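Here's the structure we're looking at; comments come further down.
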Amino acid sequence: ITDRVREAVRRILPFTPTDAQKRAIKEIVADMTGEEPMNRLLQGDVGSGKTIVAVQAMVISVENLYQAALMAPTEILAEQHARNIKRWLADTRYRVELLIGSMKAKEKREVHEALKSGDIDIIVGTHALIQEAVEFKNLGLAVIDEQHRFGVQQRLALRDRALRSGLGRALAQRWRRTC
């Protein structure tokens with residue numbers, strides 16, 4: 001986490017974060033910079049700022065040359081998240097896209113190609129994110145909204161997307177070097 005990354009995160013905040021939000025992002029950053037993959041549950045009341053904490057983590061991921069994904073249980077919620085994130089990141093260079101099941105086949109193919117090439121920085125979607133056709137260039141962070149509405153296998157499928165991307169290859173190489 002460099003000054004450049006800190007400034008990128010500060011620029012996107014639509015308000016001053018609360019002490020709890022600052023503490024949460026600090027803990028998330030500690031996990032993201034650790035040796036083990038992060039597996040964290042962020043809890044809070046409706047309107048407490050969980051989404052903006054997640055977006056800060058996504059910006060940190062993107063600033064470190066990784067992609068980020070946010071998976072929501074419904075198309076309406078995914079569309080709402082995509083709209084809000086695009087608004088918060090409108091003055092940045094980050095490309096944010098939506099991937100949901102009801103999209104036309106051509107639109108899906110275009111998103112799939114952009115994800116695979118790394119042209120999309122942040123993808124927001126539904127179960128469509130864990131379909132076989134979805135490949136990431138370098139997925140570094142996966143956020144699952146309302147995780148209780150997904151099964152264990154669905155959550156693991158998104159993690160597996162990261163392991164098949166550049167991040168997974170890098171982790172595998174690091175593991176081989178330490179053995």
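A few comments on the model shown:
- Only one of the numbered conditions (1) closer than 22 Å to residue 84 by Cα; (2) open to solvent by 40 Å² or more (accessible area, probe 1.4 Å); (3) not charged (D, E, K, R) is violated by residue 28, and that is (2).
- There is at least one residue in the stretch 74-85 that is within 25 Å of residue 3 (Cβ to Cβ), part of a helix (DSSP H, G or I) and in contact with a helix residue (DSSP H, G or I) (Cβ under 8 Å, 6 or more places away or on another chain).
- Hits in the stretch 61-95 (condition: open to solvent by less than 10 Å² (accessible area, probe 1.4 Å) and free of Cβ contacts under 8 Å to residues at least 60 places away in the same chain): 78, 82, 85
- From 26, 106, residue being out of contact with any Cys (no Cβ under 9 Å at 6 or more places or on another chain), within 26 Å of residue 135 (Cβ to Cβ) and in a helix (DSSP H, G or I): 106
- The one condition in (1) over 20 Å from residue 137 (Cβ atoms); (2) under 16 Å from the mean Cα position of the chain (by Cα) that residue 104 fails to fulfil: (2)
- When we screen 50, 22 for residues that are within 19 Å of residue 84 (Cβ to Cβ) and basic (Lys, Arg), the only hit is 50.
The rows are residues; the columns are (1) closer than 30 Å to residue 45 by Cβ; (2) at pLDDT 65 or above; (3) surrounded by 13 or more Cβ atoms within 10 Å (Cβ to Cβ).
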{"site": "108", "(1), (2), (3)": "no, yes, yes"}
{"site": "139", "(1), (2), (3)": "yes, yes, yes"}
{"site": "143", "(1), (2), (3)": "yes, yes, yes"}
{"site": "157", "(1), (2), (3)": "yes, no, yes"}
{"site": "170", "(1), (2), (3)": "no, no, yes"}
{"site": "177", "(1), (2), (3)": "no, no, no"}
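- Residue match in the stretch 43-50 (condition: in contact with a helix residue (DSSP H, G or I) (Cβ under 7 Å, 6 or more places away or on another chain) and either among the β-branched types (Val, Ile, Thr) or open to solvent by 60 Å² or more (accessible area, probe 1.4 Å) (or both)): no
The values are calculated or read from the model by the stated rules, or taken from the named source; none is laboratory data. Note that the structure is a prediction, hence the values are computed from the model and not measured. Here the Cβ is made from the backbone with ideal geometry for all residues, glycine too, and neighbour counts use every protein chain on show. Note: areas computed on protein heavy atoms with side chains; ligands, DNA, RNA excluded. Shrake-Rupley method; radii C 1.70, N 1.55, O 1.52, S 1.80 Å.
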